[in-house]
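Below: one structure, written as structure tokens.
The values are calculated or read from the model by the stated rules, or taken from the named source; none is laboratory data. Note that the structure is a prediction, hence the values are computed from the model and not measured. Heads up, the Cβs are rebuilt from the backbone with ideal geometry, glycines too, and the neighbour counts pull from every protein chain shown. We work out accessible area using only protein heavy atoms, side chains counted, and drop any ligands, DNA or RNA first. Shrake-Rupley method; radii C 1.70, N 1.55, O 1.52, S 1.80 Å.
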Amino acid sequence: MGRTVALAGASGYVGGEVLRLLLAHPELDIGTLTAGDSAGDQLGLHHPHLPQLAEIPLRETTVTNLAGHDVVILALPHGQSAAIATELDQRGEAPLIVDCGADFRLGDTEQWQRYYGTPHAGTWPYGLPELPGARNQLTQTARIAVPGCHVTAATLALFPALAAELVAPDVTVVSVTGTSGAGKAPKPHLHGAEVMGAATAYGVGGTHRHTPEIVQNLSGVTPTADPVAVSFTPVLAPMPRGILATCSAPLAPDTTETHLRSVYESAYADEPFVTLLEPGVWPSTAMTLAANTAAVQIAVDAQANRLVALASLDNLTKGTAGAALQSVNIALGHPETTGLPMAAVAP
Ligand SMILES: NC(=O)C1=CN([C@@H]2O[C@H](COP(=O)(O)OP(=O)(O)OC[C@H]3O[C@@H](n4cnc5c(N)ncnc54)[C@H](OP(=O)(O)O)[C@@H]3O)[C@@H](O)[C@H]2O)C=CC1
Ligand SMILES: CC(=O)N[C@@H](CCC(=O)OP(=O)(O)O)C(=O)O
């Protein structure tokens with residue numbers, strides 16, 4: 001018998017992906033599932049791709065319903081998690097709580113307030129084990145903040161070069177995303193007729209909420225920890241899933257492609273979920289679809305004297321639900337890869 005997992009937001013896109021992954025996880029059992037407006041429905045109404053779970057009822061998202069489990073995964077809109085975590089604490093419940101939303105990702109209260117405009121709930125260990133220092137913090141933690149999906153791609157593409165000071169701390173990130181990144185609730189900018197035939201930039205000009213999170217991750221790996229300048233532009237593409245981040249930064253003097261490649265090779269040599277592709281193979285969202293993996297590649301643009309670093313991943317898998325369970329594996333002392341898909345779906 002494994003540990004039981006309660007899931008809040010089970011009717012949503014991330015909730016569905018958490019459940020798909022839990023079905024294959026040998027150490028974790030699905031417990032109570034909760035939702036918002038869909039409470040009272042059976043799960044099959046919302047996730048017909050998970051027929052084994054079709055008859056499970058969705059309950060209201062209350063602390064009473066979520067209590068009594070070993071792990072509570074929150075896949076709720078941001079702003080909804082702090083109250084639940086606090087109440088579970090007050091009741092003397094001590095589950096491992098995993099927030100797939102943004103509430104506990106940022107360490108800087110001022111940045112939180114600037115980008116989210118609400119009181120800062122706090123900072124939890126960060127669910128990107130590949131980021132230097134993060135894996136140690138996840139060991140035996142009781143709280144996990146899962147990163148944003150664009151942030152994971154940009155961080156994996158750039159941190160090795162910044163940590164080794166092979167580029168200037170001044171990066172641009174253009175990150176293409178599938179529409180499931182916006183969740184299932186109807187959004188004014190996501191009408192099917194408009195999204196299906198167009199690629200559209202949004203959150204332009206440093207306004208997107210993921211900007212301070214990318215800054216936090218990249219600044220944290222540099223030897224000086226000085227803020228890295230990040231210009232981030234997300235682009236919505238007509239595909240259901242996937243992130244492709246194309247990043248660049250000025251090369252430090254005398255940096256060679258050979259040196260860069262050896263730095264990326266050592267950063268990812270022991271990472272089960274991150275592949276530095278063979279030279280000349282470029283990341284695509286297809287090669288990571290439905291897998292808990294990220295594909296990374298680098299090139300030197302000699303004419304512009306810049307590093308170009310790319311990363312692809314599935315926003316719902318390595319970009320959220322898979323990262324959540326990878327981090328849960330670490331926190332619970334299971335092998336990090338337990339139950340997580342390494343193979344993507346192709347073509
Ligand atoms: N989609 C993605 O690629 C990523 C998402 N995330 C984060 O994960 C979280 C979930 O995202 P996603 O699944 O895409 O969003 P969805 O909109 O698809 O799902 C949201 C879920 O939360 C429930 N919910 C909404 N409001 C309430 C409420 N007031 N009380 C209780 N339950 C509520 C919804 O239930 P109902 O429909 O029944 O109302 C639904 O189950 C968000 O914080 C998001 O930012 C993070 C990284 C990537
Ligand atoms: C296509 C789309 O809208 N994507 C979302 C990112 C999804 C994500 O990572 O969400 P949180 O950081 O909110 O958890 C966005 O750009 O806001």
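Of the helices (runs of 4 or more DSSP H) lying entirely inside the stretch 124-237, the ones with 1 or more residues being touching a residue at least 60 places away in the same chain (Cβ under 8 Å) are found at 134-138, 149-163, 210-221. Annotation: of all residues in the stretch 264-283 being within 19 Å of the chain's Cα centre (by Cα) and part of a loop (DSSP other than H, G, I, E, B), the one that is farthest from A321 (Cα to Cα) is P283. I'd like to check something: does the stretch 75-84 contain any residue that is more than 11 Å from ligand 1 (Cβ to nearest atom), open to solvent by less than 40 Å² (accessible area, probe 1.4 Å) and touching a helix residue (DSSP H, G or I) at 6+ places or on another chain (Cβ under 8 Å)? The answer is no, given that none of the residues of the stretch 75-84 is more than 11 Å from ligand 1 (Cβ to nearest atom), open to solvent by less than 40 Å² (accessible area, probe 1.4 Å) and touching a helix residue (DSSP H, G or I) at 6+ places or on another chain (Cβ under 8 Å). Scanning the stretch 298-325 for residues that are away from ligand 2 (no atom under 16 Å from the Cβ) and among the polar types (S, T, N, Q) returns Q303, N305.
For H69, are the conditions met, namely being open to solvent by 60 Å² or more (accessible area, probe 1.4 Å) and away from ligand 2 (no atom under 16 Å from the Cβ)? Against the criterion (open to solvent by 60 Å² or more (accessible area, probe 1.4 Å) and away from ligand 2 (no atom under 16 Å from the Cβ)), H69 does not qualify.
Can you find a residue in the stretch 93-103 that is in a helix (DSSP H, G or I), open to solvent by less than 70 Å² (accessible area, probe 1.4 Å) and within 14 Å of ligand 1 (Cβ to nearest atom)? Within the stretch 93-103 (the criterion being in a helix (DSSP H, G or I), open to solvent by less than 70 Å² (accessible area, probe 1.4 Å) and within 14 Å of ligand 1 (Cβ to nearest atom)), the answer is no, since none of the residues qualifies.
The sole residue among T246, T233, T255, T155 that is surrounded by 14 or more Cβ atoms within 10 Å (Cβ to Cβ), more than 21 Å from G319 (Cα to Cα) and either among the polar types (S, T, N, Q) or within 14 Å of ligand 1 (Cβ to nearest atom) (or both) is T255.
Scanning the stretch 325-347 for residues that are open to solvent by less than 30 Å² (accessible area, probe 1.4 Å), among the β-branched types (V, I, T) and in a loop (DSSP other than H, G, I, E, B) yields a single hit, T338.
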